[in-house]
């Protein structure tokens, strides 16, 4: 089945404009899409020459798949689970280092050269080559994690399945996400950014660049090579003035040095906790 036909069947079934998820052709299209997400030939978020593209139809396929699949008992050694979506079964041929008990659901793609410490990657997600998903880090549904990214211990990358038009979290190549940082609600971290430990960025979090003479406030996107730490802004309430969370851009990684050196420099120069 061609991609165009798969897309048409899935979109019509999801939008109620054609046969629904009980139709054999729709089920075939959904199964092929999930298999494509699993092997990397189809992606929810695709990197293009001019940025990133969201394939809403692939998200619709994931949601239809939940309607199609039935609950069943799944076993892993002495452990038993009860769910609809099985987890990947590794053979070693994938070129991925998988440290027990790392879990990846079928429908997520992990590139050769990635390292998974005990962690969790949800379906629809993409993890690039050379990326480390460290201990107890989670990568949510449909998130895009680029190449040579480090997700430190306990990092939470949010999942975005619904609404289908919502863009998932994007972490571009060579970014470093510090311990216990939380990135959710479609936030975009550009290439080479360093996110300090404990930083939380949501779609509404104010991102304050304090490197110039006056602060510059944005939301939803951390620029390339930025070094980011937690901060607070004063806000008036009926009970008085209190600090509300924000994040501060306090500098830039140097592009003139290699990634390992520039990361070391960033942590040393700006005293960023990781």
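The values are calculated or read from the model by the stated rules, or taken from the named source; none is laboratory data. Please read all numbers here as calculations on a predicted model, not as lab measurements. Cβ: placed from backbone, ideal geometry, glycine included. Neighbour counts: every protein chain shown.
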Worksheet item: For the stretch 111-127, which residues satisfy the criterion of being crowded, with 24+ Cβ neighbours inside 10 Å and not in a loop (DSSP other than H, G, I, E, B)?
Response: 116, 121, 126, 127
Discussion item. Being at pLDDT 95 or above, over 20 Å from the mean Cα position of the chain (by Cα), under 30 Å from residue 187 (Cβ atoms) and surrounded by 12 or more Cβ atoms within 10 Å (Cβ to Cβ) is the requirement here; does residue 7 meet it?
Written reply: yes
Fill in: Conditions (1) surrounded by fewer than 18 Cβ atoms within 10 Å (Cβ to Cβ); (2) within 23 Å of residue 5 (Cα to Cα); number of the one not met by residue 80
(2)
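Quick grid of which residues meet (1) free of Cβ contacts under 8 Å to residues at least 12 places away in the same chain; (2) crowded, with 18+ Cβ neighbours inside 10 Å; (3) within 19 Å of residue 272 (Cα to Cα):
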| position | (1), (2), (3) |
| --- | --- |
| 187 | no, yes, no |
| 193 | no, yes, yes |
| 197 | no, yes, yes |
| 210 | no, no, yes |
| 225 | no, yes, yes |
| 234 | yes, no, no |
| 239 | yes, no, no |
Fill in: Unmet requirement for residue 104, which otherwise passes all of (1) under 24 Å from residue 76 (Cβ atoms); (2) in a loop (DSSP other than H, G, I, E, B)
(2)
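Restricting the stretch 41-54 to residues that are out of contact with any strand residue (DSSP E or B) (no Cβ under 8 Å at 6 or more places or on another chain) and surrounded by fewer than 18 Cβ atoms within 10 Å (Cβ to Cβ), which is modelled with the highest pLDDT? Working first, answer last.
Initial filter on the stretch 41-54 (out of contact with any strand residue (DSSP E or B) (no Cβ under 8 Å at 6 or more places or on another chain)): 41-42, 48-51.
This time we only want the ones that are surrounded by fewer than 18 Cβ atoms within 10 Å (Cβ to Cβ), so: 41, 48-51.
Details: 41: 96, 48: 90, 49: 89, 50: 88, 51: 92.
The selected residue is 41.
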Item to complete: Considering only the stretch 83-98, state which residues are out of contact with any helix residue (DSSP H, G or I) (no Cβ under 8 Å at 6 or more places or on another chain) and crowded, with 18+ Cβ neighbours inside 10 Å.
Response: 87, 96, 98
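Kindly establish whether residue 42 is under 25 Å from residue 175 (Cα atoms) and in contact with a helix residue (DSSP H, G or I) (Cβ under 6 Å, 6 or more places away or on another chain). Explain how you work it out, then say what you get.
Numbers: under 25 Å from residue 175 (Cα atoms): yes; in contact with a helix residue (DSSP H, G or I) (Cβ under 6 Å, 6 or more places away or on another chain): yes.
Yes.
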Practice prompt. Mind listing whichever residues of the stretch 10-40 are surrounded by fewer than 17 Cβ atoms within 10 Å (Cβ to Cβ) and in contact with a strand residue (DSSP E or B) (Cβ under 8 Å, 6 or more places away or on another chain)?
Written response: 39, 40
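Can you name the strands (runs of 3 or more DSSP E) wholly within the stretch 30-83 that have at least 2 residues being in contact (Cβ under 8 Å) with a residue 60 or more places away in the chain, in the same structural domain as residue 16 (by TED's automatic domain parsing) and within 25 Å of the chain's Cα centre (by Cα)?
Of the strands (runs of 3 or more DSSP E) lying wholly inside the stretch 30-83, those with at least 2 residues that are in contact (Cβ under 8 Å) with a residue 60 or more places away in the chain, in the same structural domain as residue 16 (by TED's automatic domain parsing) and within 25 Å of the chain's Cα centre (by Cα) span 45-48, 51-54.
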Worksheet item: Among (1) touching a strand residue (DSSP E or B) at 6+ places or on another chain (Cβ under 9 Å); (2) in a loop (DSSP other than H, G, I, E, B), where does residue 91 come up short?
Response: (1)
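Mind listing whichever residues of the stretch 164-184 are assigned to a loop (DSSP other than H, G, I, E, B), under 18 Å from residue 46 (Cα atoms) and out of contact with any helix residue (DSSP H, G or I) (no Cβ under 7 Å at 6 or more places or on another chain)? Before you say what the answer is, go through the steps one by one.
Just the residues of the stretch 164-184 that are assigned to a loop (DSSP other than H, G, I, E, B), to begin with: 164-169, 172-175, 178-181, 184.
Subsequent filtering for residues that are under 18 Å from residue 46 (Cα atoms) retains 164-169, 172-175.
If the condition is that a residue be assigned to a loop (DSSP other than H, G, I, E, B), under 18 Å from residue 46 (Cα atoms) and out of contact with any helix residue (DSSP H, G or I) (no Cβ under 7 Å at 6 or more places or on another chain), then 166, 167, 168, 169, 172, 173, 175 are the ones that fit.
Yes/no matrix, rows are residues, columns are (1) within 12 Å of the chain's Cα centre (by Cα); (2) in contact (Cβ under 8 Å) with a residue 60 or more places away in the chain; (3) crowded, with 22+ Cβ neighbours inside 10 Å; (4) assigned by TED's automatic domain parsing to the domain that holds residue 58:
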| site | (1), (2), (3), (4) |
| --- | --- |
| 100 | no, no, no, no |
| 108 | yes, yes, yes, no |
| 151 | yes, no, yes, no |
| 164 | no, yes, no, no |
